[in-house]
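The values are calculated or read from the model by the stated rules, or taken from the named source; none is laboratory data. Computed from a predicted structure; not experimentally measured. Note that we place each Cβ from the backbone using ideal geometry, even for glycine, and neighbour counts take in every protein chain shown. The area values use the complete protein model at the heavy-atom level, side chains included, leaving out ligands, DNA and RNA. Shrake-Rupley method; radii C 1.70, N 1.55, O 1.52, S 1.80 Å.
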Amino acid sequence: MIPFLDLGAAYRELKQQIDDAVARVLDSGFYILGPEVEAFEAEWAAYCGSKFAVGLANGLDALTLALRALDIGPGDEVIVPSNTYIATWLAVSGVGAIPVPVEPDPATHNIDPTLIEAAITLRTRAVLPVHLYGQPADLDSIIEIAGRHGLRVIEDAAQAHGAAYKGQRLGGHGDIVCWSFYPGKNLGALGDAGAVTTNDADLAARVAMLRNYGSREKYFNEEPGVNSRLDPVQAAVLRVKLKALDDWTERRRAIAVDYLEGLKDSSLILPHVPDWADPVWHLFVVRTTMRAEMQAHLAEAKIGTLIHYPIPPHMQGAYADLCLKAEAFPIARRLAQEVLSLPMGPQLDRSLVKNRVIPEILRAC
C-alpha cells in the first residue's frame, strides 16, 4: 500500500528527538504554557520573519481569536474564498460575522483578487485569503484592495508552512496570519495545535490574553476569553519538527517535480504555480472529469488518494441559513467535482512515485 500520507513514518524518522523532547516536558513540571511554549513561539516567529507568534490550541481557534482581536463580530462581513476547507468560514460565523464568498482563480484554486472589490459592502471589515494546498495567494493585490477600503487582512496559512510570496516567507504580510499544526500539516504536532503570527504587538498581546480566559494576570479577567493554549508537549514536538521542516519541504518539492514532469502529457489538469509563488506542496492536486474512475483504479492498485474538498462550504448544511444556491459559485462547485489529491509527503519514496504512482495514473487517464 502507498498511503496518501504516512504520519507514522514521519514520527519514526525523528523518534529519538521527539521522545527526548516529550520526556523533557514531563520532567520539567511545566504543563500549561511555560518555557517550552515560549521557546517555540520565538522560533516560529523567527522562521516566519514576523515579530510575534502566539501558540494556540488549534488552527480554528487561531482564526477565531484573530477575528476577535480585530473586534470583528456580529453584523460584520468578512470576505472568504468559496473554495476552501469549511474551518475558514466557521471562524467567521463563530464570532457572529457573515462569510461573504468570492470565487477562486481556476488556475491556482486560490481566491481571485479581481473579484474581491465587487463583494465589498459598507459592512465588510476584513478579507480572509487562504494559501490553499501550500501555495500563496496573491497578497499584494489583496492587501492593496484592502488598504483602499480600510479593511484588515487575516491570512489562513494552515497549509502553507514555509511557503514564500515574492521571496518572503508567509507570516507577516497581512495584519495577522493563522496557522494550524494539525498532524497532517507540513509542520504537524502529535495532536491539535495552532498559532498566529503578526508584526503588531497589540494584536499579539490581545490574542495571548484571549487564549487564556481573557486574562494577562491570573484571576484578573479583562474580557470573556477562552481556553486555547498551546500544549507544552506539542510545542516541544513542533520544535523538533521545525528543524526538519526545510529538508522535508525540499523532499515535497522534488516529488512535485516528478509529478509535473511525469504527468505533463496526460489528460489531467496539473497545478499552476505563478512565478511569484514558492509553494510547499502540502497537497498535490490534479483535476479530472473522470475522478471516480481514477480514484477507484488507484485504490485497486493500493495507492491512496483524497479529495480536498468534496463539498464547498456554501453547499454545506451548516450554511443553509445563508440561502446560497449551489450554482451561485460555479468554479468552487466544479473544483469540488474534479479535484483529486495524490500521495504527497516527505517520507514518500520518490522511486514509488516514478515507478508505481505515475504509471498507474497514466493507465487510468
*Hey, among Val54, Val22, Val80, Val37, which residue is in contact with a Leu (Cβ under 6 Å, 6 or more places away or on another chain) and either closer than 22 Å to Asp202 by Cβ or surrounded by fewer than 23 Cβ atoms within 10 Å (Cβ to Cβ) (or both)?*
Val37
*How about the stretch 253-291: which of its residues are among the hydrophobic types (A, V, I, L, M, F, W, C) and open to solvent by less than 20 Å² (accessible area, probe 1.4 Å)?*
Ile255, Ala256, Leu263, Leu268, Ala277, Val280, Leu283, Phe284, Val285, Val286
*Subset of the stretch 152-170 (residues that are touching a residue at least 40 places away in the same chain (Cβ under 8 Å) and not in a strand (DSSP E or B))*: Ala158, Gln159, Ala160, His161, Gly162, Ala163, Lys166, Gly167, Leu170
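Please enumerate the residues belonging to the stretch 306-348 that are open to solvent by less than 20 Å² (accessible area, probe 1.4 Å) and either in a loop (DSSP other than H, G, I, E, B) or in contact with a Leu (Cβ under 7 Å, 6 or more places away or on another chain) (or both). Even if it seems obvious, please write down each step before you answer.
Of the stretch 306-348, the ones open to solvent by less than 20 Å² (accessible area, probe 1.4 Å) are 312-314, 319, 332, 335-336, 339-346.
Those that are open to solvent by less than 20 Å² (accessible area, probe 1.4 Å) and either in a loop (DSSP other than H, G, I, E, B) or in contact with a Leu (Cβ under 7 Å, 6 or more places away or on another chain) (or both): Pro312, His314, Ser341, Pro343, Met344, Gly345, Pro346.
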*Considering (1) in a helix (DSSP H, G or I); (2) open to solvent by less than 30 Å² (accessible area, probe 1.4 Å); (3) not polar (S, T, N, Q), say which one Pro359 fails and leave the rest.*
(2)
